[in-house]
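**Student:** Here you go, one structure.
The values are calculated or read from the model by the stated rules, or taken from the named source; none is laboratory data. As the structure is a prediction and not an experimental result, all values here were calculated from the model. As a convention, Cβ positions derive from the backbone with ideal geometry for all residues, glycine included, and neighbour counts pool all protein chains shown.
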Amino acid sequence: METKCMKLLKGMAIGGIAILTAACSDSDDDHDSKAADHGKAAHAEKANHASSNMHATHWSYAGDGAPHAWSVIKEEYATCGEGKQQSPIDISTVTISDVSDIEFKYKSSPLELTNNGHTVQVNYHTGSYITVSGKRYDLVQLHFHSPSEHTIGGKGYDMVAHLVHKAADGQLGVIGVLFKVGKGKNKVIDKLWSNLPTESGQTNTVKNSRINAMDLLPADRAYFSYSGSLTTPPCSEGVNWMVMATPVEISAKQVKRYTDLFPASTRPVQPLNGRVVRVSN
Ligand SMILES: [Zn+2]
């Protein structure tokens, strides 16, 4: 068992993640907390960040509406302060277990981007989904934060894409793809940023242009799995988080293009409160 764990950690180090301590485990506990959270997930109704724009008192990332104040801005946001399974988290201790592979069934989608005042959101047409542990989650939208919300061993990344999926029972499954500044520019981001809506509330529907979320994923599909929440109000819990362990590359210019538009878009990491983060092998 020890040999297996060491081998896995070495593989993760190659993926740029060198800090983890692992409680090696061969126990079959894949489904523990997830199953218990399904009820709560049914209430995680805000799959779409844009809907938050309707609130009269705006939450934000600085000033009066900053993350520490979210829970008191509105009654519906109470979970942001009272919740015990909040996201993002710092992923610094993981348990290696037989986490189910994510089966990706993404198709290309006509390109449509919305600036919702908090981030840029790519609206995804129906028909694309993932299957994980036998459950289907349909891809609804993807959006970005910079710097990344989840940190790995205390280290944040330059940007992150959140691919938001929803299952038939209402549970959300979010895949995080971390971006690290490298030499080259990211082709998918290039396409998106070329059509960036710069005004809050603006939607750009780009004719004869499509995006495939597959092209955003790292080649190595190892991921961190844990039960958390939306990282924006109302901070609903029961979200099945899948953070890809291997970052993908982006150029410094591309990150700057985003942060020029959204200087702050990152909720601080939240207490783990005994939750276990599992990593696939
Ligand atoms: Zn997000």
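**Student:** Under 8 Å between Cβ atoms, which residue pairs at least 6 apart in sequence (or on different chains) link something in segment 144-155 that is basic (Lys, Arg) with a partner that is modelled with pLDDT under 95 and more than 10 Å from the ligand (Cβ to nearest atom)?
**Tutor:** Close Cβ pairs satisfying both conditions: LYS155/ILE19.
**Student:** Take the residues in segment 258-274 that are surrounded by 17 or more Cβ atoms within 10 Å (Cβ to Cβ) and out of contact with any Pro (no Cβ under 7 Å at 6 or more places or on another chain); name whichever of them is nearest to GLY176 (Cα to Cα).
**Tutor:** If we take residues in segment 258-274 being surrounded by 17 or more Cβ atoms within 10 Å (Cβ to Cβ) and out of contact with any Pro (no Cβ under 7 Å at 6 or more places or on another chain), then SER265 is nearest to GLY176 (Cα to Cα).
**Student:** Right, here's the next one. Restricting attention to strands (runs of 3 or more DSSP E) lying wholly within segment 95-209, give those where 2 or more residues are within 16 Å of the ligand (Cβ to nearest atom) and of a type outside the set (Asp, Glu).
**Tutor:** 109-115, 120-123, 135-145, 159-167, 172-181
**Student:** Restricting to segment 218-235, what's the tally of residues that are more than 15 Å from the ligand (Cβ to nearest atom) and of a type in the set (Ser, Thr, Tyr)?
**Tutor:** The qualifying residues number 4.
**Student:** When ALA35 is evaluated against the numbered criteria (1) hydrophobic (A, V, I, L, M, F, W, C); (2) surrounded by 12 or more Cβ atoms within 10 Å (Cβ to Cβ); (3) in a helix (DSSP H, G or I); (4) at pLDDT below 95, which criterion, by number, is the only one it fails?
**Tutor:** Every listed condition holds for ALA35 apart from (2).
**Student:** Condition first: over 29 Å from SER133 (Cα atoms), surrounded by fewer than 19 Cβ atoms within 10 Å (Cβ to Cβ) and touching a helix residue (DSSP H, G or I) at 6+ places or on another chain (Cβ under 7 Å). Now tell me which residues in segment 165-186 satisfy that.
**Tutor:** VAL181, LYS185
**Student:** I'm trying to understand the selection: among the residues of segment 72-96, which are under 20 Å from HIS145 (Cβ atoms) and either in contact with a Gly (Cβ under 6 Å, 6 or more places away or on another chain) or not small (Gly, Ala, Ser) (or both)?
**Tutor:** Listed by number, the residues that qualify are ILE73, TYR77, THR79, CYS80, GLN85, GLN86, SER87, PRO88, ILE89, ASP90, ILE91, SER92.
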